[in-house]
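Have a look at the structure below, then the notes.
What follows is calculated from the coordinates using simple rules that are stated; it is not laboratory data. Bear in mind that the values here come from a model prediction, so they are computed numbers and not experimental data. Here Cβ is always computed from backbone atoms with ideal geometry, including for glycine, and neighbour counts include all displayed protein chains.
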Amino acid sequence: MAKSIAELIAAAREQISKLTGLELGSVLGAKKEEAGWKISIETIEKYSIPDQMDILAIYDAILDDDGNLLQFKRRGLRKRIDTEPIEEE
């Protein structure tokens, strides 16, 4: 049975956290694509002092309708203080 979008997001968060070992931040988006559900999640790659210099990353996870992770990749890095968006692929 297909999962709800909330369940898919929870599955993506859990699996990305386990695979990368990183602390997760916000979910930036979720949408249905041809390959599956694309969930974009921001992570903290490296803590810095001051915290505005923390290095953040966006990971895109592709899940099937049952919440199984099909693929993931890091899309980009930025400093927390940078407000320019990372380009969408």
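Nearest 20 debye, what's the magnitude of the dipole of the range 1-68 about its Cα centre given +1 on Lys and Arg Cβ and -1 on Asp and Glu Cβ? Each step should come with its number before you reach the end.
On the way: 7 positive and 13 negative charges, 9 e Å.
In debye, rounded to 20, the range 1-68 gives about 40.
Can you sort Lys46, Lys31 from fewest to most other Cβ atoms within 10 Å of each residue's own Cβ? Present the calculation step by step, with values, prior to reporting the outcome.
Values: Lys46 12, Lys31 9.
Ordered by Cβ neighbours within 10 Å, fewest first: Lys31, Lys46.
Simple spin-label model, 7 Å along Cα-to-Cβ: Lys31 to Arg74 in nm?
About 2.4 nm separates the two model spin labels.
Using 1/(1 + (r/R0)^6) with R0 = 25 angstrom and r between the beta carbons of Leu19 and Ser48, what's the FRET efficiency to the nearest 0.05? Can you show the working numbers first?
On the way: r = 23 Å, r/R0 = 0.93.
Efficiency for this residue pair is about 0.60.
Provide, for the chain, the number of lysine pairs with alpha carbons under 20 Å apart, each pair being eight or more places apart or on different chains.
Close lysine pairs under the 20 Å cut-off: 11.
Only Cα pairs under 8 Å and at least 6 apart count here; give the relative contact order of the chain as a rounded whole percent. Before the final figure, lay out the partial values.
Values: 170 pairs, mean separation 21.5, N = 89.
Relative contact order for the chain comes out at 24 percent.
Where does helix 5-20 land angle-wise versus the long Cα axis of the chain, in degrees 0 to 90, nearest 10?
50
Taking neighbour Cβ counts within 10 Å as the exposure measure, how do Leu19, Leu56 sort from fewest upward? Before the final figure, lay out each step's value.
Working: Leu19 12, Leu56 20.
Least to most surrounded, the residues fall as Leu19, Leu56.
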